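Below you'll find the structure, written out as structure tokens, and then a few comments.
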Amino acid sequence: MSFTTTPNGTHGARQPKAGRLMTWFNGWNTKKIRRKGGKIMGFNALVLTTIGAKNGTERVTPVGWFPTDDDDSWLICASAAGAAKNPAWYYNIAAHPDKVTIEMAGRRIPVTAEQLHGTEREEARQRITTAAPRFAQYETKTDRELPIIKLTRRTG
């Protein structure tokens, strides 16, 4: 499986700092999503567990997801709210696309990550921006292409 990373941009919105408030907020959301599912800032949310690209440590991040035509796959976008840099979890997925799990509403699901390109990416982008017009605004804040990742349930 090939995972071609998208480069950072040269400008964009300010990425939130990982201070005490953000750590608390992410922890609170993670517990809620794991227990009963839910939304973050109006988006369906899941808990994304990745393996750190640099140190191999397990990392947990709540992220918004979007449905596909398949019940065994989910779309996520490495938007970072339109920041110039890709979020850290994106590099973790790129380094270990076959060691990703998601959690929601009491279910832990092993998935494989695939970055979408070309026509597949454009179709997914249309699906995402139709469901959440805010993502179209994120695209205008930065000059980087926002990576779209398809997470597919691993079997076996």
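Odds and ends about this structure:
- Unmet criterion (only one of (1) more than 13 Å from the chain's Cα centre (by Cα); (2) over 23 Å from Ile33 (Cα atoms)) for Met104: (2)
- Residue within the range 80-93 that is touching a residue at least 12 places away in the same chain (Cβ under 8 Å), farther than 26 Å from Gly52 by Cβ and either not in a loop (DSSP other than H, G, I, E, B) or not hydrophobic (A, V, I, L, M, F, W, C) (or both) present: no
- Residue match in the range 16-29 (condition: buried (at least 20 other Cβ atoms within 10 Å of the Cβ), touching a residue at least 12 places away in the same chain (Cβ under 8 Å) and either in contact with an Asp or Glu (Cβ under 9 Å, 6 or more places away or on another chain) or of a type outside the set (Gly, Ala, Ser) (or both)): no
- Members of the range 117-135 that are assigned to a loop (DSSP other than H, G, I, E, B), surrounded by fewer than 17 Cβ atoms within 10 Å (Cβ to Cβ) and in contact (Cβ under 8 Å) with a residue 40 or more places away in the chain: His117
- Residue in the range 44-51 that is in contact with a strand residue (DSSP E or B) (Cβ under 7 Å, 6 or more places away or on another chain) and loosely packed, with under 11 Cβ neighbours inside 10 Å present: no
- Hey, Ala113 surrounded by fewer than 18 Cβ atoms within 10 Å (Cβ to Cβ), touching a strand residue (DSSP E or B) at 6+ places or on another chain (Cβ under 8 Å) and of a type outside the set (D, E, K, R) or not: no
- Only a single criterion out of (1) in contact (Cβ under 8 Å) with a residue 12 or more places away in the chain; (2) closer than 18 Å to Ile148 by Cα; (3) surrounded by fewer than 17 Cβ atoms within 10 Å (Cβ to Cβ); (4) of a type outside the set (A, V, I, L, M, F, W, C) is not satisfied by Pro62, namely (3).
- Every test in (1) touching a residue at least 40 places away in the same chain (Cβ under 8 Å); (2) under 21 Å from Gly37 (Cα atoms); (3) loosely packed, with under 15 Cβ neighbours inside 10 Å; (4) not β-branched (Val, Ile, Thr) is passed by Leu151 save one, and that test is (3).
Readers should treat all values here as calculations from the given coordinates under stated rules, not as data from a laboratory. These numbers come from a predicted model, not from an experiment. Glycine gets a Cβ as well: all are built from the backbone with ideal geometry, and neighbour counts include every protein chain shown.
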